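Worksheet: one structure, shown below.
Read-outs: derived from the displayed coordinates by stated rules, not from any lab. Source: prediction; values computed, not measured. Neighbour counts are summed over all protein chains in view; Cβ atoms, including those assigned to glycine, are modelled from backbone coordinates with ideal geometry.
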Amino acid sequence: MSTAVWTTRLELSSIADKTLRAAARFWFAVALVGQFAFAFSVAAFYGLTAVRGDFQAWNRILAHGYEAGATMGNAALAGHILFATVISIAGALQLIPGIRNRFPVFHHWNGRLFVLAAFTQAITGIYLTLSGRRLVGDATQHVVSVLGAVLIMFCAAAALRFAIARDFATHRRWALRLFLVASASWFIRLGFTLTILLVGPIGFDSTTFSGPLLTFWTFAQYLLPLGALELYLWAQGRPGAFWRMATAGVLFVLTLLMGAGVAAVAMGTWVPNVKAAMDTRKSIAQTLLATITSGGIEAAVEQYQELKATAPATYNFDESELNNLGYQLIRANKFKEAIRIFQMNVKAFPNSANTYDSLAEGYMDEGDKPEAVANYRKSLRLNPKNRNAVAMLEKINAP
Ligand code: HEM
């Protein structure tokens, strides 16, 4: 082979190396921003509400969150949430090359904290899943959750073992796998939200928290990032430039999608959660929930009207309050009460497509199809882009 051909090949190979490294750095930079945003929102929401002693606020997000008197369950949940912040920050810091090279002692101890967080997340996650606290989701989700937790512990043990054995090449591979499997619960948030925005709910049922889309992401949250990593590791060792360039292209596209997912979840969940945590008004939803439990739904309706007239600034009367309360009641199979709450929300926010959509869902769960259809149609009139209403009307066979 002539020297000119050799030189061209070497140049191409070096360009491919640089492109692949740049694609990996770009991926990591976007992941870093997204992981920190997630950690910040978790710490802000759960931390600020806990400092105020308002543990009930956790139930606005969680299907089966804080439960007065359930010491073990509440402790497992609090530990799980605390270490969710730790794992997101510690994991990302481990992968920053500047920190790893310049501060090896920090890398050493932060790595141990990361492994501890991984085991804590896995064990508390299994406990929350198997102790029946997770009322929503189907069997596939529960089984994959437990298998995922085992995978997290396996990768954590392998990363630690090869670090102790000073086999740093193998340690690096396992540490990267650990970072990805420990980020699965972050990936599913991004992937699921982005897919809904781009192609619609694909049969997702928000009451039972199940459907083909969620089943897909239940597996993909682990398999997709792990597959991309294995492709990257494989391509790094390939002799020709082609595979490294192609892998860089794949990574680049995945990073753009991941970035779009981060933006979507940040706007739809993380920023609203931080705002909600800083809102010191009392939750009207939690006040009414206590009344429903002690005095029934009609007493709660009366209380709502009275407080709205006499203390409008003390309580939070945002649309999301009654909406979330309605869903809490649906999850507790209190459909009649849920419908009553959604009706009050429709009255308070008659121009919101979402309040009608929720009311329709309440009627669906109650088995009242004509009312469900009427309210999905009202919702669609207010927001013709409401994909959920379109999908539900098709499901009921009433387009
Ligand atoms: C390793 C990384 C993990 C992180 C960062 C993480 C993070 C979180 C967070 C932040 C929450 C509170 C809900 C929210 O604010 O969205 C939560 C809840 C929960 N997690 Fe995890 N988690 C992880 C792993 C796991 C695993 C492996 C399992 C199962 C084996 C699991 C099971 C659960 C359950 C059952 C809940 C309560 C859900 C509910 O009541 O609605 N988690 N997790």
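Convex hull over the Cα atoms of the chain, averaged projected area in nm²?
That works out to 23.8 nm², a quarter of the Cα hull's surface.
Report, in deg cm²/dmol and to the nearest 500, the calculated mean residue ellipticity at 222 nm for the chain, where each DSSP H run with n ≥ 4 adds -39500 (n - 2.57) and the sum is divided by the residue count.
Result for the chain: -26500 deg cm²/dmol, rounded to the nearest 500.
Projecting each Cα onto the charge dipole of the stretch 282-396 (Lys/Arg +1, Asp/Glu -1 at the beta carbon, about the Cα centre), which of A348, G362, L393 comes out farthest on the positive side?
The listed residue farthest towards the positive side: L393.
If one computes the Cα centroid of the stretch 278-351 and of the stretch 214-234, what distance in Å separates the two points?
Using only Cα atoms to place each centre, the spacing works out to 41 Å.
Using only the Cα atoms of the stretch 282-396, each taken as one equal point scatterer with no solvent, compute I(q) by the Debye sum, divide by I(0), and report log10 of the ratio at q = 0.11, 0.13, 0.14 Å⁻¹.
Those come out to -0.34, -0.47, -0.55, one per q.
Let me know the charge dipole size of the stretch 2-124 about its Cα centre in debye, to the nearest 20, where only the beta-carbon of Lys, Arg (+1) and Asp, Glu (-1) is charged.
Using only the charged Cβ atoms, the result is roughly 360 debye.
What number, in percent, do you get for the relative contact order of the stretch 135-256 if the mean sequence gap of Cα pairs under 8 Å and at least 6 apart is divided by its residue count?
After rounding, I find 25 percent.
Have a look at V181, V33, F168 and report the one farthest towards the positive end of the charge dipole of the chain, computed about the Cα centre with Cβ charges (Lys/Arg +1, Asp/Glu -1).
F168
Specify which residue in the list L194, A241, A220 is farthest towards the positive end of the charge dipole of the stretch 124-245, using unit charges on the beta carbon of Lys, Arg (+1) and Asp, Glu (-1), about the Cα centre.
A241
Taking the Cα centre of the stretch 282-396 as origin and charging only Cβ (+1 Lys, Arg; -1 Asp, Glu), how large is the dipole, in debye to the nearest 20?
Its charge dipole is roughly 320 debye.
Give me the dipole magnitude in Debye, nearest 20, for the chain about the Cα centre, with unit charges on the beta carbon: positive for Lys and Arg, negative for Asp and Glu.
In debye, rounded to 20, the chain gives about 1400.
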